[in-house]
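The values are calculated or read from the model by the stated rules, or taken from the named source; none is laboratory data. Everything numeric here is computed off the predicted structure, so don't read it as measured data. As a convention, Cβ positions derive from the backbone with ideal geometry for all residues, glycine included, and neighbour counts pool all protein chains shown. Remember, those area values only see protein heavy atoms, side chains included, never the ligands or the DNA or RNA. Shrake-Rupley method; radii C 1.70, N 1.55, O 1.52, S 1.80 Å.
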Amino acid sequence: MEQRRFACSLSSLAASTFIISVVFAFIPICSNLLMLAFAMAITGLAMGIIDTISNLQLVKIYQKDSTVFLQALHFFVGLGALLSPLIADPFLSDTDCILGNSTINSSLTMRHMRNKLAGRHVYNVSHFHFHTEGEVVTNVSYAFWIMALINLPVPIAVLVLMYRERVLTCCYERSPRLLDGDMHMHTLKMQTASEQVDGISQDYQEPAGKSQSLSHTNMWNCCYPKPKDLPLSYFGLHIFGGMVLFFSDGIVGSYTGFVYTYAVAPPLNLPHKTAGYLTSVFWASITVGRLASIPLSYRIKPVHLLTFNQVGVIVTLFLLLIFYMSNVFLFIGTCFLGLFISSVYPCMLAFTEDILDYKGCATTVLVTSAGMGEMLLQLLVGSVINSQGSYSFLLCGLIFGCMGFTVFLLLLLIQHVHKKNRTVSTEHQHAKWRDLPHQGIVRPHGTSGLRAGGHKNGHPTSFLKKLPHIVLHGSRSAEPPRPCP
């Protein structure tokens, strides 16, 4: 079962990364807005699949060590966001890309468009004419084609991984699998536990209905026990963890999208080219922060990194509001904001999954919430800037940061409640398994050395002591069983 899921995940990754290359090559030849919107929708869908599967598989494969690998994954996300604009920059033009018959200065037209986008009030704009027909002189198509070629090795690398993992049915590889020491050992442990439970069930028959539900624990491990039997804290961890990333990724998206608009508007009035560097500085800081978080994750727990980073985000946005007249501090604050917010995403994934025993359900919820925040909060900030002015940009960011930190404190409270529920649940399970020989388990005929009460020579049999741990956790290791969620 686990091997089949892993094969489906790799297949989805290969297909999605290949689709992105195809769509990027197709974008320059889109002849109307509807075609372009359709192409961007397909790209967004493919990127969402890649984001979810990559985070989910790292969490399930590396579990306790997943924080380090998640930091490395998101480091490359930031690196790509930093390098992509730099690759496209040589192909962008400061003048009108379409040559018309009019003699209007194209640089003046572009200046008007930028002022309009920046929120400045431009008087008497009716005499500006924007060409929609004529000779196209832009080279921006080359930027998309270069990005498509750069991305093309990614699906090829995924196919190579599938070949080495013996996922492809058309060919076989005799060399050892790359993940034999990680995922396959975990899968083997789960399969062995399932066989042990099956072997016990052959010796001891439970009442009808119980054994079937226990045998499907691994298949439905994300929702076992049934949702109605789960404590409210289990759902609270998903909801509040998702809300933390909703606000965190919303800050990243809105800052990336509107820091240029804020910088070129009064009172800063930065030159357009200088203001354009702010987005690159922000993503460079995020990339450096995630790179630095890789060794820090070995020594510092995710909850401590999360607390420090979210306090840093609030302090930085507050200082940016105080020194809103300073051009220099805008660049300094952008650097620190990127450093502080860089590792919130991967640390939150690792922190939430650690509470829920790395079953992977929380990762899907958190990734979806982060995407929703990046989409909705950008829309909200844009509407506020349009109606209230550019100064409200930083104020919105500070409000989002405070709301995210408040939700994080509530998440810590729910975590404490959830731990207490798990302790009570564990004690209840142990009491249930101790009473199991007296609650309908029947000794089959021909079993020697075993009394009707389930004891051998007056002592509990060894498999009865290990049975709860086998069924609930898929392992017969000597460590004490972890509580159920």
Q: Within segment 231-259, work out how many residues are modelled with pLDDT of 90 or more and of a type in the set (Ser, Thr, Tyr).
A: 4
Q | Tally, over segment 314-335, of residues that are hydroxyl-bearing (Ser, Thr, Tyr) and in contact (Cβ under 8 Å) with a residue 40 or more places away in the chain | A | 2
Q.
For segment 358-383, which positions are buried (at least 18 other Cβ atoms within 10 Å of the Cβ), farther than 16 Å from LEU70 by Cα and either free of Cβ contacts under 8 Å to residues at least 24 places away in the same chain or of a type in the set (Ser, Thr, Tyr) (or both)?
A. SER369
(Q) Scan segment 400-421 and tell me whether some residue there is part of a helix (DSSP H, G or I), more than 30 Å from LEU58 (Cβ to Cβ) and modelled with pLDDT of 90 or more. (A) yes
Q | Meets criteria (open to solvent by 60 Å² or more (accessible area, probe 1.4 Å), closer than 29 Å to SER297 by Cα and more than 15 Å from the chain's Cα centre (by Cα)) for ILE355 | A | no
(Q) Against the condition open to solvent by less than 40 Å² (accessible area, probe 1.4 Å) and without any contact (Cβ under 8 Å) to a residue 60 or more places away in the chain, how does GLY338 come out, does it pass? (A) yes
Q. Regarding LEU56, is this residue among the hydrophobic types (A, V, I, L, M, F, W, C), over 25 Å from SER280 (Cα atoms) and modelled with pLDDT under 90?
A. yes
Q | Pairs where the first residue, in segment 51-76, is touching a residue at least 12 places away in the same chain (Cβ under 8 Å) and part of a helix (DSSP H, G or I) and the second is aromatic (Phe, Trp, Tyr) and open to solvent by 40 Å² or more (accessible area, probe 1.4 Å), C-beta under 6 Å, 6+ apart | A | LEU58/PHE69; TYR62/PHE69
**Q.** segment 267-325 - residue that is of a type in the set (Phe, Trp, Tyr) and more than 18 Å from SER254 (Cα to Cα) and, of those, modelled with the lowest pLDDT
**A.** TYR298
Q: Determine, yes or no, whether TYR324 is more than 22 Å from LEU230 (Cα to Cα) and crowded, with 23+ Cβ neighbours inside 10 Å.
A: no
Q.
Residue under question is VAL23, and the condition is that it be of a type in the set (Val, Ile, Thr), open to solvent by less than 20 Å² (accessible area, probe 1.4 Å), at pLDDT 90 or above and part of a helix (DSSP H, G or I); does it hold?
A. yes
Q. For the subset of segment 362-391 comprising residues that are small (Gly, Ala, Ser) and assigned to a helix (DSSP H, G or I), which member is modelled with the lowest pLDDT?
A. ALA362
Q.
If I ask for residues that are at pLDDT below 90 and either touching a Leu at 6+ places or on another chain (Cβ under 9 Å) or open to solvent by less than 30 Å² (accessible area, probe 1.4 Å) (or both), which ones from segment 26-52 would you list?
A. CYS30
Q: Among the residues of segment 258-273, write down those that are among the polar types (S, T, N, Q) and without any contact (Cβ under 8 Å) to a residue 12 or more places away in the chain.
A: ASN269
